[in-house]
1. Looking only at segment 56-78, which residues are within 17 Å of residue 36 (Cβ to Cβ) and not in a strand (DSSP E or B)?
2. Residues of segment 79-107 being hydrophobic (A, V, I, L, M, F, W, C), open to solvent by 10 Å² or more (accessible area, probe 1.4 Å) and either assigned to a strand (DSSP E or B) or more than 16 Å from the ligand (Cβ to nearest atom) (or both), which ones?
3. With 209, 221 as the choices, which residue is out of contact with any Ser or Thr (no Cβ under 9 Å at 6 or more places or on another chain), away from the ligand (no atom under 16 Å from the Cβ) and without any contact (Cβ under 8 Å) to a residue 40 or more places away in the chain?
4. Among 245, 287, 203, 265, which is the only one that is crowded, with 21+ Cβ neighbours inside 10 Å and closer than 30 Å to residue 387 by Cβ?
5. With the structure loaded, tell me whether residue 181 is more than 15 Å from the ligand (Cβ to nearest atom) and without any contact (Cβ under 8 Å) to a residue 12 or more places away in the chain or whether it fails that test.
6. Enumerate the pairs (first residue in segment 301-317 and more than 17 Å from residue 353 (Cβ to Cβ) and charged (D, E, K, R); second residue anywhere and open to solvent by 20 Å² or more (accessible area, probe 1.4 Å) and within 9 Å of the ligand (Cβ to nearest atom)) with beta-carbon separation below 6 Å, excluding pairs fewer than 6 apart on the same chain, so at least 6 apart or on different chains.
7. For the subset of segment 224-242 comprising residues that are more than 15 Å from the ligand (Cβ to nearest atom), touching a residue at least 60 places away in the same chain (Cβ under 8 Å) and of a type outside the set (Lys, Arg), which member is surrounded by the most Cβ atoms within 10 Å (Cβ to Cβ)?
8. For segment 118-136: of the residues being more than 6 Å from the ligand (Cβ to nearest atom), open to solvent by less than 30 Å² (accessible area, probe 1.4 Å) and hydrophobic (A, V, I, L, M, F, W, C), which is nearest to residue 334 (Cα to Cα)?
Amino acid sequence: MDALKIYGGKKLSGKVKISGAKNSALPIIASTILAKNRVKIENMPNVVDIKTLLKLLGRLGANYELSGNSLEVDSSKVNSTVANYDIVKTMRASILVLGPLLTRFGHCEVSLPGGCAIGARPVDLHLKALQKMGAEITIDEGYIKASTPKDGLQGADIHFEKKSVTGTENIVMAAALAHGETNISNCALEPEVVQICEILRDAGVEIEGIGTEQIRVVGTGGKLLQFQDIKVIPDRIEAGTYLCAGAITKSTVKVSDVEPKHIQATINKLEEMNFKLEIGKDFVRIAPPEDGKIGSVDIVTAEFPKFPTDMQAQFVALTTQACSESIIEERLFENRFMHVSELQRLGAGIEIEKNQVKVSGSSELIGADVMATDLRASSALVLAGLVAKGETTIHRIYHLDRGYESLEEKLRNLGAKVERVKVDIL
Ligand code: EPZ
């Protein structure tokens, strides 16, 4: 089993190139099920979740070629519509094949993704929406078994009771090949949702309201789509994570190949903490507070464009170094504080009260062995390790490998002392 050893206290400097967004690449890969041609995708992040979804697509009969950050997928010969538990259990975003398979083939069986470390992660909103489009759905032996009337999914008016990123993506993809018009309200506004809508529009689907809460899709009635070449948008959470690495070490760090408007909420909070931010066309540079004092901040996570839940753990780590108390509230997931107990092992003063944490600030962190529990929690432990005195060993870093490309290499290029080591299974 791999672990990451970080020797804290090093100043960072220089530039880090941000990779393509995992959470955009995943729906894009699933959407190739709707394509009649071989699809070319650039700026693909080289992370485990991508490989997992490609493995699933391969099982369905698609063929693909991944070389570095370039991917070509041909799903025209998909000949199975069963997404097995063994793959789906390792990555709940596999649910993204449900809409495309059902709208193209009229039937599919997708294992229920089940929960994960951060919460129950239900998919009821996805299923209710598909039922409104005419799908017959049963849950049997842990599988979602879905089928449509003989003439496939029908356009419908759909309202999401809660904004759901993959829920919106699944339904837009399902509506793309449905018969007739689908009007979806209370859509998620994340940049990843915008990109998949743009890709389908460029593939010939009539879509209006892209980037708004109200999206109208006129389906092709079962005709497959001719995809254009695609470039994955930058990963806004990776960008925010590296800005926090510069922040927590009071260093000057530039993140390049980013879309600043996708990380505005994160930038706003860093500025509130007295960091100096320079915003370029495709880069953001962070520098320490002029007086060296990191200010405290209060945060409530919410849907885009508000402060992202995927940056919550990183800011819990960062605010341990603020001069006074910060309060961070998690509103999207019921169990997304798994990083807190590990940060406390490093000496952080944090109290959990229901869905809020109070971070006392001015914590002197001392290196120790800690354990990663989920993707973003593990990035919080990396940040803490960068500033903790001595050596921090982060175990179970397979969580990190799911969503951060070449993490130790990128950190070493910034001047961090970090290495990947083999340890006995913990
Ligand atoms: C996406 O997950 C992201 N994953 C998550 O990123 C991210 O944390 C989340 O959106 C919120 O921004 C991908 O895009 C692959 P939701 P998703 O459906 O779509 C509830 C990471 O670290 N809900 O927007 O699964 C749900 O429980 C990952 O990269 C239902 O109740 O999230 C949550 O409270 C972690 N029923 C809220 O809605 C449903 O059917 C938002 O979830 C669906 C969701």
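The values are calculated or read from the model by the stated rules, or taken from the named source; none is laboratory data. Everything numeric here is computed off the predicted structure, so don't read it as measured data. No Cβ is skipped: glycine too gets one built from the backbone with ideal geometry, and neighbour counts run over all protein chains shown. Side chains included, ligands, DNA and RNA excluded: accessible areas come from the protein's heavy atoms. Shrake-Rupley method; radii C 1.70, N 1.55, O 1.52, S 1.80 Å.
1. Within segment 56-78, 57, 60, 61, 62, 75, 76, 77, 78 meet the criteria.
2. Of everything in segment 79-107, those that are hydrophobic (A, V, I, L, M, F, W, C), open to solvent by 10 Å² or more (accessible area, probe 1.4 Å) and either assigned to a strand (DSSP E or B) or more than 16 Å from the ligand (Cβ to nearest atom) (or both) turn out to be 82, 105.
3. Matching residue, one of 209, 221: 209.
4. It is 245.
5. Against the criterion (more than 15 Å from the ligand (Cβ to nearest atom) and without any contact (Cβ under 8 Å) to a residue 12 or more places away in the chain), residue 181 does not qualify.
6. Qualifying pairs under 6 Å: 303/163.
7. Among them, the one singled out is 242.
8. Looking at residues that are more than 6 Å from the ligand (Cβ to nearest atom), open to solvent by less than 30 Å² (accessible area, probe 1.4 Å) and hydrophobic (A, V, I, L, M, F, W, C), I get 118.
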